[in-house]
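Student: The structure that follows is given in the form of C-alpha coordinates.
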Amino acid sequence: MTSEVSNKLFTPLQLGDLVLSHRVVMAPLTRFRADGNHIHTDLAVEYYSQRAEVPGTLLITEATFISAEAGGYDHIPGIWSDEQIAAWKKVTDAVHEKRSYIYLQLWALGRAADPKVLAREGLPFVSSSPTPMEDGAPTPRGLSKEEIKRYVDTYVQAAKNAVFKAGFDGVEIHSANGYLLDQFLQDVCNKRTDEYGGSVENRTRFTLEVANAVTAAVGAKKTGIRFSPWSRFQGMRMKDPIPTFSYIVKELAKRHTDLAYVHFVEPVVSGGNDQEVDHSRDTGSASYPDSNDFAREIWAPRTFLSAGG
(Lines give C-alpha, C1' and ligand atoms only; values in the text may rest on other atoms or scores of the structure.)
Protein backbone atom coordinates (compact mmCIF):
# COMPACT_ATOMS: atom_id res chain seq x y z
CA MET A 1 0.00 0.00 0.00
CA THR A 2 1.44 3.37 -1.00
CA SER A 3 1.75 6.07 1.63
CA GLU A 4 -0.71 8.24 -0.32
CA VAL A 5 -3.40 5.52 -0.27
CA SER A 6 -2.63 4.69 3.35
CA ASN A 7 -2.90 8.32 4.40
CA LYS A 8 -6.27 8.73 2.66
CA LEU A 9 -7.59 5.45 4.07
CA PHE A 10 -7.06 6.66 7.60
CA THR A 11 -8.50 10.15 7.21
CA PRO A 12 -12.00 11.06 8.47
CA LEU A 13 -15.02 10.70 6.18
CA GLN A 14 -18.44 12.33 6.28
CA LEU A 15 -21.11 9.67 5.76
CA GLY A 16 -24.64 10.99 6.09
CA ASP A 17 -24.84 12.62 9.50
CA LEU A 18 -21.84 10.67 10.82
CA VAL A 19 -18.14 11.50 10.75
CA LEU A 20 -16.11 8.30 10.51
CA SER A 21 -12.56 8.33 11.86
CA HIS A 22 -11.29 6.28 8.89
CA ARG A 23 -12.50 4.72 5.62
CA VAL A 24 -12.38 1.00 6.46
CA VAL A 25 -16.01 -0.12 6.77
CA MET A 26 -17.16 -3.55 7.90
CA ALA A 27 -19.16 -5.02 5.02
CA PRO A 28 -22.39 -6.97 5.64
CA LEU A 29 -21.62 -10.64 6.36
CA THR A 30 -24.40 -13.24 6.54
CA ARG A 31 -23.93 -15.30 9.72
CA PHE A 32 -26.95 -17.63 10.35
CA ARG A 33 -26.59 -17.24 14.12
CA ALA A 34 -30.06 -16.05 15.20
CA ASP A 35 -32.44 -18.38 17.03
CA GLY A 36 -35.48 -20.15 15.57
CA ASN A 37 -37.59 -16.99 15.94
CA HIS A 38 -35.05 -14.85 14.08
CA ILE A 39 -33.91 -13.25 17.35
CA HIS A 40 -30.24 -12.53 17.98
CA THR A 41 -28.51 -13.99 21.03
CA ASP A 42 -25.78 -12.40 23.13
CA LEU A 43 -23.26 -13.86 20.69
CA ALA A 44 -24.19 -11.04 18.30
CA VAL A 45 -23.46 -8.47 20.99
CA GLU A 46 -19.97 -9.90 21.41
CA TYR A 47 -19.42 -10.23 17.65
CA TYR A 48 -20.28 -6.64 16.73
CA SER A 49 -18.73 -5.12 19.84
CA GLN A 50 -15.40 -6.75 19.00
CA ARG A 51 -15.47 -5.15 15.56
CA ALA A 52 -16.23 -1.69 16.94
CA GLU A 53 -13.02 -1.38 18.95
CA VAL A 54 -11.61 1.54 16.97
CA PRO A 55 -13.78 4.59 17.74
CA GLY A 56 -15.44 6.09 14.69
CA THR A 57 -15.72 2.79 12.78
CA LEU A 58 -18.81 2.03 10.69
CA LEU A 59 -20.23 -1.49 10.78
CA ILE A 60 -22.91 -2.68 8.34
CA THR A 61 -24.78 -5.62 9.81
CA GLU A 62 -25.52 -8.96 8.29
CA ALA A 63 -28.58 -8.88 6.04
CA THR A 64 -31.74 -8.84 8.16
CA PHE A 65 -35.25 -9.87 7.16
CA ILE A 66 -37.74 -7.01 7.03
CA SER A 67 -40.63 -9.43 7.66
CA ALA A 68 -41.38 -13.13 7.83
CA GLU A 69 -42.71 -12.97 4.26
CA ALA A 70 -39.41 -11.50 3.06
CA GLY A 71 -37.50 -14.46 4.50
CA GLY A 72 -37.01 -18.07 3.63
CA TYR A 73 -33.86 -19.06 5.53
CA ASP A 74 -33.49 -20.33 9.08
CA HIS A 75 -31.43 -18.52 11.73
CA ILE A 76 -31.37 -15.12 10.02
CA PRO A 77 -32.18 -12.16 12.29
CA GLY A 78 -35.34 -10.13 11.76
CA ILE A 79 -36.40 -6.59 12.62
CA TRP A 80 -40.22 -6.88 12.80
CA SER A 81 -40.99 -8.25 16.28
CA ASP A 82 -40.48 -6.56 19.64
CA GLU A 83 -38.15 -9.38 20.70
CA GLN A 84 -36.00 -9.00 17.58
CA ILE A 85 -35.80 -5.24 18.05
CA ALA A 86 -34.82 -5.63 21.71
CA ALA A 87 -32.05 -8.06 20.79
CA TRP A 88 -30.68 -5.65 18.19
CA LYS A 89 -30.83 -2.79 20.73
CA LYS A 90 -28.29 -4.67 22.84
CA VAL A 91 -26.02 -4.78 19.80
CA THR A 92 -26.32 -1.08 18.96
CA ASP A 93 -25.77 -0.12 22.60
CA ALA A 94 -22.58 -2.18 22.68
CA VAL A 95 -21.28 -0.61 19.46
CA HIS A 96 -22.11 2.90 20.61
CA GLU A 97 -20.39 2.23 23.92
CA LYS A 98 -17.21 1.78 21.85
CA ARG A 99 -18.00 5.13 20.15
CA SER A 100 -18.52 3.49 16.78
CA TYR A 101 -21.50 3.37 14.41
CA ILE A 102 -23.76 0.69 12.95
CA TYR A 103 -26.19 0.47 10.01
CA LEU A 104 -28.74 -2.34 9.57
CA GLN A 105 -28.97 -4.00 6.15
CA LEU A 106 -32.61 -4.52 5.08
CA TRP A 107 -33.21 -7.80 3.23
CA ALA A 108 -35.91 -9.54 1.20
CA LEU A 109 -34.99 -12.79 -0.54
CA GLY A 110 -37.48 -13.31 -3.35
CA ARG A 111 -36.60 -16.36 -5.45
CA ALA A 112 -33.34 -16.84 -3.51
CA ALA A 113 -35.38 -18.19 -0.60
CA ASP A 114 -35.58 -21.88 0.28
CA PRO A 115 -39.07 -22.93 -0.90
CA LYS A 116 -39.18 -25.66 1.76
CA VAL A 117 -38.70 -23.11 4.53
CA LEU A 118 -41.42 -20.90 3.06
CA ALA A 119 -43.82 -23.84 2.69
CA ARG A 120 -43.22 -24.86 6.29
CA GLU A 121 -44.19 -21.36 7.41
CA GLY A 122 -47.10 -21.02 4.97
CA LEU A 123 -45.47 -18.22 2.99
CA PRO A 124 -45.37 -17.66 -0.79
CA PHE A 125 -42.33 -18.17 -3.03
CA VAL A 126 -42.12 -14.96 -5.07
CA SER A 127 -39.98 -12.85 -7.39
CA SER A 128 -40.40 -10.19 -10.04
CA SER A 129 -41.52 -12.86 -12.51
CA PRO A 130 -41.99 -16.63 -12.70
CA THR A 131 -38.32 -17.01 -13.64
CA PRO A 132 -36.40 -19.84 -11.93
CA MET A 133 -32.88 -19.12 -10.73
CA GLU A 134 -31.52 -21.84 -13.00
CA ASP A 135 -32.75 -24.77 -15.08
CA GLY A 136 -34.51 -27.27 -12.85
CA ALA A 137 -34.85 -24.83 -9.94
CA PRO A 138 -38.27 -24.10 -8.40
CA THR A 139 -40.32 -21.46 -10.21
CA PRO A 140 -41.52 -18.50 -8.13
CA ARG A 141 -44.64 -16.52 -8.92
CA GLY A 142 -44.47 -12.86 -9.78
CA LEU A 143 -45.52 -10.37 -7.14
CA SER A 144 -48.78 -8.53 -7.78
CA LYS A 145 -48.73 -4.75 -7.84
CA GLU A 146 -50.61 -4.75 -4.53
CA GLU A 147 -47.92 -6.96 -3.00
CA ILE A 148 -45.19 -4.65 -4.28
CA LYS A 149 -46.86 -1.72 -2.52
CA ARG A 150 -47.05 -3.76 0.69
CA TYR A 151 -43.36 -4.56 0.39
CA VAL A 152 -42.57 -0.85 0.17
CA ASP A 153 -44.54 -0.31 3.38
CA THR A 154 -42.71 -3.22 5.00
CA TYR A 155 -39.32 -1.71 4.15
CA VAL A 156 -40.48 1.53 5.74
CA GLN A 157 -41.60 -0.15 8.95
CA ALA A 158 -38.37 -2.12 9.15
CA ALA A 159 -36.33 1.05 8.72
CA LYS A 160 -38.33 2.81 11.43
CA ASN A 161 -37.90 -0.16 13.76
CA ALA A 162 -34.16 -0.12 13.13
CA VAL A 163 -33.53 3.60 13.60
CA PHE A 164 -36.19 4.70 16.08
CA LYS A 165 -36.50 1.57 18.22
CA ALA A 166 -33.34 -0.52 17.89
CA GLY A 167 -30.99 2.47 17.89
CA PHE A 168 -29.24 2.00 14.56
CA ASP A 169 -27.43 4.97 13.03
CA GLY A 170 -28.99 4.18 9.68
CA VAL A 171 -30.09 1.46 7.27
CA GLU A 172 -28.74 -0.02 4.06
CA ILE A 173 -31.26 -1.15 1.43
CA HIS A 174 -30.00 -4.46 0.00
CA SER A 175 -30.59 -4.20 -3.76
CA ALA A 176 -27.75 -6.53 -4.76
CA ASN A 177 -26.62 -10.16 -5.12
CA GLY A 178 -29.72 -11.51 -6.83
CA TYR A 179 -32.18 -10.87 -4.00
CA LEU A 180 -35.67 -9.44 -4.42
CA LEU A 181 -34.93 -5.85 -5.44
CA ASP A 182 -32.13 -7.00 -7.74
CA GLN A 183 -34.57 -9.47 -9.30
CA PHE A 184 -36.62 -6.47 -10.41
CA LEU A 185 -33.62 -4.45 -11.61
CA GLN A 186 -32.11 -7.04 -13.93
CA ASP A 187 -33.73 -8.22 -17.14
CA VAL A 188 -32.30 -11.73 -16.80
CA CYS A 189 -34.96 -12.25 -14.13
CA ASN A 190 -37.55 -9.51 -14.64
CA LYS A 191 -39.86 -10.47 -17.52
CA ARG A 192 -42.84 -8.36 -16.43
CA THR A 193 -44.92 -6.44 -18.95
CA ASP A 194 -46.47 -3.92 -16.54
CA GLU A 195 -45.00 -0.72 -15.09
CA TYR A 196 -42.48 -2.77 -13.08
CA GLY A 197 -40.85 -4.49 -16.08
CA GLY A 198 -39.45 -3.95 -19.53
CA SER A 199 -37.75 -0.56 -19.75
CA VAL A 200 -34.94 0.62 -17.48
CA GLU A 201 -37.34 3.11 -15.92
CA ASN A 202 -39.82 0.35 -15.12
CA ARG A 203 -37.32 -2.20 -13.81
CA THR A 204 -35.81 0.35 -11.42
CA ARG A 205 -39.21 1.56 -10.21
CA PHE A 206 -39.56 -0.82 -7.22
CA THR A 207 -36.09 -0.07 -5.84
CA LEU A 208 -36.59 3.67 -6.27
CA GLU A 209 -40.00 3.48 -4.57
CA VAL A 210 -38.34 1.72 -1.63
CA ALA A 211 -35.56 4.32 -1.52
CA ASN A 212 -38.07 7.19 -1.69
CA ALA A 213 -40.19 5.73 1.10
CA VAL A 214 -37.32 4.78 3.41
CA THR A 215 -35.61 8.16 3.09
CA ALA A 216 -38.91 9.89 3.80
CA ALA A 217 -39.33 7.74 6.91
CA VAL A 218 -35.88 7.91 8.51
CA GLY A 219 -34.01 10.55 6.52
CA ALA A 220 -31.73 10.40 3.49
CA LYS A 221 -28.69 10.97 5.70
CA LYS A 222 -29.52 7.71 7.49
CA THR A 223 -30.03 5.67 4.32
CA GLY A 224 -27.59 3.82 2.07
CA ILE A 225 -28.17 1.34 -0.76
CA ARG A 226 -26.17 -1.56 -2.19
CA PHE A 227 -25.85 -2.78 -5.81
CA SER A 228 -23.92 -5.53 -7.64
CA PRO A 229 -24.05 -4.83 -11.40
CA TRP A 230 -21.44 -7.42 -12.41
CA SER A 231 -22.19 -10.40 -10.17
CA ARG A 232 -23.36 -13.71 -11.63
CA PHE A 233 -24.44 -14.92 -8.19
CA GLN A 234 -27.89 -16.54 -8.09
CA GLY A 235 -28.51 -16.39 -11.82
CA MET A 236 -27.90 -12.68 -12.30
CA ARG A 237 -25.78 -10.51 -14.63
CA MET A 238 -27.27 -8.66 -17.56
CA LYS A 239 -25.45 -8.55 -20.88
CA ASP A 240 -24.65 -4.88 -20.24
CA PRO A 241 -25.46 -3.65 -16.73
CA ILE A 242 -24.22 -0.09 -17.23
CA PRO A 243 -27.39 1.54 -18.68
CA THR A 244 -29.64 0.20 -15.89
CA PHE A 245 -27.29 1.00 -13.03
CA SER A 246 -26.30 4.38 -14.49
CA TYR A 247 -29.96 5.32 -14.59
CA ILE A 248 -30.71 4.32 -11.01
CA VAL A 249 -27.63 6.10 -9.63
CA LYS A 250 -28.58 9.25 -11.56
CA GLU A 251 -32.11 9.06 -10.17
CA LEU A 252 -30.84 8.60 -6.61
CA ALA A 253 -28.49 11.55 -7.06
CA LYS A 254 -31.35 13.68 -8.35
CA ARG A 255 -33.96 12.65 -5.78
CA HIS A 256 -31.80 12.24 -2.68
CA THR A 257 -28.86 14.62 -2.83
CA ASP A 258 -27.91 13.91 0.79
CA LEU A 259 -28.24 10.11 0.71
CA ALA A 260 -25.64 8.70 3.11
CA TYR A 261 -23.96 6.57 0.44
CA VAL A 262 -24.23 4.15 -2.43
CA HIS A 263 -22.42 0.82 -2.01
CA PHE A 264 -21.19 -1.15 -5.04
CA VAL A 265 -19.81 -4.68 -5.16
CA GLU A 266 -16.72 -4.84 -7.35
CA PRO A 267 -16.63 -7.03 -10.52
CA VAL A 268 -14.17 -9.50 -8.96
CA VAL A 269 -16.74 -10.50 -6.32
CA SER A 270 -19.74 -12.79 -6.82
CA GLY A 271 -22.00 -13.18 -3.80
CA GLY A 272 -19.83 -13.96 -0.79
CA ASN A 273 -16.84 -15.14 -2.82
CA ASP A 274 -14.21 -13.94 -5.24
CA GLN A 275 -15.18 -15.15 -8.70
CA GLU A 276 -13.27 -18.29 -9.65
CA VAL A 277 -13.38 -17.25 -13.29
CA ASP A 278 -12.41 -13.70 -14.20
CA HIS A 279 -15.55 -12.23 -15.78
CA SER A 280 -14.32 -8.67 -15.45
CA ARG A 281 -13.87 -8.37 -19.22
CA ASP A 282 -17.14 -9.96 -20.32
CA THR A 283 -18.59 -6.57 -21.16
CA GLY A 284 -15.37 -4.60 -21.28
CA SER A 285 -12.05 -5.41 -22.92
CA ALA A 286 -8.43 -6.12 -22.05
CA SER A 287 -7.77 -2.38 -22.09
CA TYR A 288 -11.03 -1.39 -20.41
CA PRO A 289 -12.20 -4.17 -18.06
CA ASP A 290 -15.56 -4.02 -16.32
CA SER A 291 -15.54 -1.40 -13.60
CA ASN A 292 -17.80 0.54 -11.27
CA ASP A 293 -16.11 3.77 -12.32
CA PHE A 294 -19.24 4.75 -14.28
CA ALA A 295 -21.18 4.83 -10.99
CA ARG A 296 -18.39 6.61 -9.12
CA GLU A 297 -18.36 9.35 -11.73
CA ILE A 298 -22.13 9.82 -11.59
CA TRP A 299 -22.24 9.81 -7.79
CA ALA A 300 -19.19 12.02 -7.20
CA PRO A 301 -18.46 13.87 -4.99
CA ARG A 302 -20.80 11.99 -2.65
CA THR A 303 -19.77 9.06 -0.47
CA PHE A 304 -19.22 5.83 -2.43
CA LEU A 305 -18.53 2.50 -0.71
CA SER A 306 -16.72 -0.27 -2.57
CA ALA A 307 -16.88 -3.95 -1.55
CA GLY A 308 -14.11 -6.22 -2.78
CA GLY A 309 -11.98 -3.47 -4.27
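Student: Among the residues in the range 203-214, are any at pLDDT 95 or above and more than 24 Å from Val156 (Cβ to Cβ)? Talk me through it step by step, then tell me what you get.
Tutor: Here is the first cut: in the range 203-214, the residues at pLDDT 95 or above are 203-214.
Filter again for more than 24 Å from Val156 (Cβ to Cβ), leaving none.
No: the range 203-214 contains no residue that is at pLDDT 95 or above and more than 24 Å from Val156 (Cβ to Cβ).
Student: For Arg226, all conditions in the list (1) at pLDDT below 95; (2) within 24 Å of Leu58 (Cβ to Cβ) hold save one; what is the number of the exception?
Tutor: (1)
Student: A follow-up question, please. Could you tell me which residue of the range 233-266 is nearest to Ala307 (Cα to Cα), considering only residues that are in a loop (DSSP other than H, G, I, E, B) and either under 16 Å from the mean Cα position of the chain (by Cα) or among the hydrophobic types (A, V, I, L, M, F, W, C) (or both)? Give the derivation first.
Tutor: At the first step, the residues of the range 233-266 found to be in a loop (DSSP other than H, G, I, E, B) are 236-241, 256-260, 266.
Restricting the remaining residues to those that are either under 16 Å from the mean Cα position of the chain (by Cα) or among the hydrophobic types (A, V, I, L, M, F, W, C) (or both) gives 236, 238, 259-260, 266.
Working: Met236: 18, Met238: 20, Leu259: 18, Ala260: 16, Glu266: 6 Å.
Among those residues, the one meeting the criterion is Glu266.
Residue-by-condition table, conditions (1) closer than 22 Å to Glu69 by Cβ; (2) buried (at least 23 other Cβ atoms within 10 Å of the Cβ):
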site	(1), (2)
Ile148	yes, no
Ser175	yes, yes
Leu180	yes, yes
Gln183	yes, yes
Thr193	no, no
Val214	yes, yes
Trp230	no, yes
Met238	no, no
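Student: So, Ala119, is that one touching a strand residue (DSSP E or B) at 6+ places or on another chain (Cβ under 8 Å), modelled with pLDDT of 95 or more and in a helix (DSSP H, G or I) or not?
Tutor: Details: touching a strand residue (DSSP E or B) at 6+ places or on another chain (Cβ under 8 Å): no; modelled with pLDDT of 95 or more: yes; in a helix (DSSP H, G or I): yes.
When the stated conditions are applied, Ala119 does not pass them.
Results for (1) farther than 25 Å from Phe227 by Cβ; (2) charged (D, E, K, R); (3) assigned to a helix (DSSP H, G or I); (4) under 21 Å from the mean Cα position of the chain (by Cα), shown as yes or no for each residue.
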| residue | (1), (2), (3), (4) |
| --- | --- |
| Tyr103 | no, no, no, yes |
| Arg111 | no, yes, yes, yes |
| Pro124 | yes, no, no, no |
| Pro130 | no, no, no, no |
| Gly136 | yes, no, no, no |
| Ala158 | no, no, yes, yes |
| Phe164 | yes, no, yes, yes |
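Student: Another question about this same structure. Between a residue in the range 125-153 that is on the phi > 0 side of the Ramachandran plot and any residue that is of a type outside the set (Phe, Trp, Tyr), which pairs come within a Cβ distance under 9 Å, given they are 6 or more apart or on different chains?
Tutor: Pairs that qualify, where the first residue is on the phi > 0 side of the Ramachandran plot and the partner is of a type outside the set (Phe, Trp, Tyr): there are none.
Student: Considering only residues that are closer than 20 Å to Gly122 by Cα and out of contact with any Leu (no Cβ under 9 Å at 6 or more places or on another chain), look in the range 78-106 and name the one that is surrounded by the fewest Cβ atoms within 10 Å (Cβ to Cβ). Before you say what the answer is, go through the steps one by one.
Tutor: We begin by selecting, within the range 78-106, every residue closer than 20 Å to Gly122 by Cα; these are 78-81.
Restricting the remaining residues to those that are out of contact with any Leu (no Cβ under 9 Å at 6 or more places or on another chain) gives 78, 80-81.
Details: Gly78: 25, Trp80: 20, Ser81: 15.
Here the residue is Ser81.
Student: Still on this structure, please answer the following. Hey, among the residues in the range 166-211 that are closer than 15 Å to Ala63 by Cα and among the aromatic types (Phe, Trp, Tyr), which one's farthest from the chain's Cα centre (by Cα)?
Tutor: The extreme case among them is Phe168.
Student: Among the numbered criteria (1) in contact with a His (Cβ under 9 Å, 6 or more places away or on another chain); (2) at pLDDT 95 or above; (3) surrounded by 18 or more Cβ atoms within 10 Å (Cβ to Cβ), which one does Phe304 miss?
Tutor: (3)
Student: Does Pro267 meet the test of being more than 25 Å from Val126 (Cα to Cα), surrounded by 24 or more Cβ atoms within 10 Å (Cβ to Cβ), of a type outside the set (Ser, Thr, Tyr) and touching a residue at least 24 places away in the same chain (Cβ under 8 Å)?
Tutor: Details: more than 25 Å from Val126 (Cα to Cα): yes; surrounded by 24 or more Cβ atoms within 10 Å (Cβ to Cβ): yes; of a type outside the set (Ser, Thr, Tyr): yes; touching a residue at least 24 places away in the same chain (Cβ under 8 Å): yes.
Yes.
Student: Restricting attention to the range 1-60, and to residues there that are of a type in the set (Ser, Thr, Tyr), assigned to a loop (DSSP other than H, G, I, E, B) and in contact (Cβ under 8 Å) with a residue 24 or more places away in the chain, which single residue is surrounded by the most Cβ atoms within 10 Å (Cβ to Cβ)?
Tutor: Among residues in the range 1-60 that are of a type in the set (Ser, Thr, Tyr), assigned to a loop (DSSP other than H, G, I, E, B) and in contact (Cβ under 8 Å) with a residue 24 or more places away in the chain, the one surrounded by the most Cβ atoms within 10 Å (Cβ to Cβ) is Thr57.
Student: Which condition from (1) of a type outside the set (Val, Ile, Thr); (2) out of contact with any strand residue (DSSP E or B) (no Cβ under 8 Å at 6 or more places or on another chain); (3) within 30 Å of Thr303 (Cα to Cα); (4) assigned to a helix (DSSP H, G or I) is the one that Ala86 breaks?
Tutor: Here Ala86 clears every test but (3).
The values are calculated or read from the model by the stated rules, or taken from the named source; none is laboratory data. These numbers were taken from a predicted model, which means no experiment stands behind them. Note that we place each Cβ from the backbone using ideal geometry, even for glycine, and neighbour counts take in every protein chain shown.
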